[in-house]
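In what follows, a single structure is set out as structure tokens and then discussed.
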Amino acid sequence: MTDFLFIRHGEPDYTEIDKRKYKGFGNDLAPLTKNGIDQVKKLSLSDELKNCDIILTSPYTRTMQTAAILSKELNIEIIVELDLMEWIPDLSYTYDDYSNVVKWRNKYELNNGKHIDTDDNWEEKRSIISRVNKVLEKYTNYAKVAIITHGMVINAITGVEKPQCAKIIKYTYNS
């Protein structure tokens, strides 16, 4: 049996993203704040992370920075897994107004991640679960795996509402 330790990235800093007026997936370039870095360094001292075999991470800047800090502090290899990425708010990948993302996320939450309108074009919860489970399946030969990802992903998989930054949520995967 594999112990999967889901960890939401440290606190992100959107200051430069906002200044540059990045849109769409440009938001995913945000690094960690100083506080976020400190959160992750403190997390690295956790007994729960001792004896982790590997760190898996989403490809976004805030998750990769979180994984890099943990990797350095714990001397554990990192593997980037695309399917650990955050929820996709627009499956056409063309949105440019963050207010739409907020509206779509509210709709996702209101309807437990299920489309109710024919014009809904955001990723459903079942899709998140499917793609993440495919990743987990690849690592069931390890004893303990740290997974650095995002709040909506962690919620979809574990059911934990609003996971805090740089906190561990244990998860047992049933294939």
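The values are calculated or read from the model by the stated rules, or taken from the named source; none is laboratory data. Keep in mind it's a predicted model, so treat the numbers as computed, not measured. Reconstructed Cβ throughout: ideal geometry from the backbone, glycine too, with neighbour counts over all protein chains shown.
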**Report entry** Residue among I76, I88 that alone is part of a loop (DSSP other than H, G, I, E, B), more than 20 Å from F4 (Cβ to Cβ) and among the hydrophobic types (A, V, I, L, M, F, W, C)
**Finding:** I88
Query raised in the report: Does T33 count as in contact (Cβ under 8 Å) with a residue 60 or more places away in the chain, surrounded by 15 or more Cβ atoms within 10 Å (Cβ to Cβ) and within 27 Å of N100 (Cα to Cα)?
Result: no
**Report entry** Residues of region 63-74 that turn out to be buried (at least 23 other Cβ atoms within 10 Å of the Cβ) and under 18 Å from W87 (Cβ atoms), as a count
**Finding:** 2
Report summary line: For region 151-171, the count of residues that are part of a loop (DSSP other than H, G, I, E, B) and either of a type in the set (S, T, N, Q) or in contact with a Leu (Cβ under 8 Å, 6 or more places away or on another chain) (or both) equals 3
Report summary line: Taking region 133-175 and the residues there that are of a type in the set (G, A, S) and modelled with pLDDT of 95 or more, the one that is nearest to I78 (Cα to Cα) would be A146
Report summary line: N121 passes all but one of the listed conditions (1) among the polar types (S, T, N, Q); (2) in a helix (DSSP H, G or I); (3) surrounded by 12 or more Cβ atoms within 10 Å (Cβ to Cβ); the exception is number (2)
Requested in this report: Of the numbered conditions (1) free of Cβ contacts under 8 Å to residues at least 40 places away in the same chain; (2) in a loop (DSSP other than H, G, I, E, B); (3) of a type in the set (S, T, Y), S71 fails exactly one; give the number of that condition.
Outcome: (2)
Requested in this report: Answer with yes or no whether N106 is part of a helix (DSSP H, G or I), within 19 Å of the chain's Cα centre (by Cα) and free of Cβ contacts under 8 Å to residues at least 24 places away in the same chain.
Outcome: yes
Query raised in the report: What are the residues in region 143-162 that are touching a residue at least 24 places away in the same chain (Cβ under 8 Å) and surrounded by 20 or more Cβ atoms within 10 Å (Cβ to Cβ), if any?
Result: V145, A146, I147, I148, T149, H150, M152, V153, I154, A156, I157
Report task. For region 81-101, indicate whether the set of residues that are hydrophobic (A, V, I, L, M, F, W, C), in contact (Cβ under 8 Å) with a residue 12 or more places away in the chain, touching a Phe, Trp or Tyr at 6+ places or on another chain (Cβ under 6 Å) and under 19 Å from E161 (Cα atoms) is non-empty. Result -> no
Requested in this report: Sort out which residues of region 83-137 are β-branched (V, I, T) and under 16 Å from N27 (Cα atoms), and write them in order of number.
Outcome: I88, T94, V101, V102
Query - Sole exception among (1) surrounded by fewer than 18 Cβ atoms within 10 Å (Cβ to Cβ); (2) of a type in the set (F, W, Y); (3) within 23 Å of K170 (Cβ to Cβ) for Y60, by number - result: (1)
